1. It is to be established whether one or more residues within region 251-273 are open to solvent by 40 Å² or more (accessible area, probe 1.4 Å) and over 21 Å from D309 (Cα atoms).
2. Do you know which residues across region 96-118 are buried (at least 24 other Cβ atoms within 10 Å of the Cβ) and farther than 22 Å from G203 by Cα?
3. Give K348, K379 a once-over and let me know the one that is basic (K, R) and closer than 28 Å to L190 by Cβ.
4. Counting just the residues of region 175-232 that are in a helix (DSSP H, G or I) and either buried (at least 23 other Cβ atoms within 10 Å of the Cβ) or among the polar types (S, T, N, Q) (or both), which one comes out modelled with the highest pLDDT?
5. Can you spot a residue in region 329-341 that is open to solvent by 20 Å² or more (accessible area, probe 1.4 Å), under 20 Å from P189 (Cα atoms) and not in a loop (DSSP other than H, G, I, E, B)?
6. List, please: which pairs have Cβ atoms under 7 Å, are six or more places apart or on different chains, and start with a residue in region 213-228 that is among the acidic types (D, E) and end with one that is buried (at least 22 other Cβ atoms within 10 Å of the Cβ)?
7. Given the structure, is E386 closer than 23 Å to T328 by Cβ and out of contact with any helix residue (DSSP H, G or I) (no Cβ under 9 Å at 6 or more places or on another chain)?
8. Among the residues of region 374-385, write down those that are in contact with a strand residue (DSSP E or B) (Cβ under 6 Å, 6 or more places away or on another chain) and either open to solvent by less than 40 Å² (accessible area, probe 1.4 Å) or polar (S, T, N, Q) (or both).
Amino acid sequence: MAALAPAIGQVGSFAATGLVARSSHSGSCGINCLQAPLVVKNSPIAVSKLGGSGSVFYGKASPFLQLSSRFQTSSFSSRRVLTRAELGDTLEEFLATASPDKNLGRLLVSLGEALRTISFKVRTASCGATACINTFGDEQLAVDLLANKLLFEALKFSHFCKYACSEEDPELLDMGGPVNGGFSVAFDPLDGSSIVDTNFTVGTIFGVWPGDKLTGVTGRDQVAAGMGIYGPRTTYVLALKDFPGTHEFLLLDDGKWQHVKETTEIGEGKLFSPGNLRATFDNPDYEKLINYYVSERYTLRYTGGMVPDVNQIIVKEKGIFTNVTSPTTKAKLRLLFEVAPLGLLIEKAGGYSSDGKQSVLDKVIINTDDRTQVAYGSKNEIIRFEETLYGASRLAKVPAQAV
């Protein structure tokens, strides 16, 4: 657990300069919406600890902040319908608003602490061909293996994870949590680890399922999904099954996560991110689709990292990401660790996903290594994707519906 201890200190403080604000804006909004200094709410905030004797991430127990009195008067069922999270809230405040399940809140806070530590490790590691060594010379793990270790430790610390597995360790490992009231988590510890040395943006992906099952389930069974993005900024993007929208949290200088954006709609826009372009060699339909994007003067935005390429659809609220197979280029993306969690994030943001014929959230996960092709984007872009590759689209005459 000692590996999780480093504190993250960044130069300057948004909080200290008063550039942080709360907003009750009900639509999609980013940090540019922030105009006024942070105002402390007048109503008292009750604090209840998530449990455990102390956090190895902070060196003290992590508070699960309850809502101010204006939220506490509503029931759990009506609260999910009537309330919205506020921009400017901490992660803990957001989770108290978004879910009545404190066990899930504890799990997601613990994962957030791991993401913060991974961000620090990625930023400060000196990376060679096979390993990254920190400035003290005492970390000699490949950075993706280090991220893998940190996430497993965080899940154990949460006390509410029953089983977990990752791309590095695909067999289910018992984390010691309960089956009833607990969760099982699948994650890709560091998607894009091969481009860390070039200083491209990389990230973590995870999906959370109730109970003790990670096979024989679908992506739609997830209760939450998230990703950590380690770039010029560090962000934590989160979606909960029973709460509207996909939500972005920014890592501040004091180590706290602040709610800075809510996305509820993915609109139309000429932005494309085409993965596995070598498939166009022997998949003429994919070649036709790519030629359409080029001829229609779409803007190409592709990094080779799935996390930033999908995240830009949520942030820009437009565009499409594709990763298509062909007879000689088989599917590489894993349904459990990457495709299903990102599918929930996209669909909760108001977008759509497809394997060519159905939403990726409806695909049953048979084995932890199941792989698939995928597209994420706006409704019209997914219609075009399905019609070009398979001649018809299930969405052509279907009205937009919430996940």
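1. Within region 251-273, one or more residues are open to solvent by 40 Å² or more (accessible area, probe 1.4 Å) and over 21 Å from D309 (Cα atoms).
2. Matches in region 96-118: A96, A98.
3. Going through K348, K379 in turn, the sole match is K348.
4. Within region 175-232, the match that is modelled with the highest pLDDT is G219.
5. Within region 329-341 (the criterion being open to solvent by 20 Å² or more (accessible area, probe 1.4 Å), under 20 Å from P189 (Cα atoms) and not in a loop (DSSP other than H, G, I, E, B)), the answer is yes, since at least one residue qualifies.
6. Matching pairs, first to second residue: D221/W209.
7. yes
8. Those that are in contact with a strand residue (DSSP E or B) (Cβ under 6 Å, 6 or more places away or on another chain) and either open to solvent by less than 40 Å² (accessible area, probe 1.4 Å) or polar (S, T, N, Q) (or both): V374, A375, Y376, G377, E381, I382, F385.
The values are calculated or read from the model by the stated rules, or taken from the named source; none is laboratory data. Small disclaimer: the values here were computed from a predicted structure and weren't measured. So basically every Cβ, Gly included, is an ideal-geometry build from the backbone, and we count neighbours across all protein chains shown. Surface areas here come from the heavy atoms of the whole protein model, side chains and all, with no ligands, DNA or RNA. Shrake-Rupley method; radii C 1.70, N 1.55, O 1.52, S 1.80 Å.
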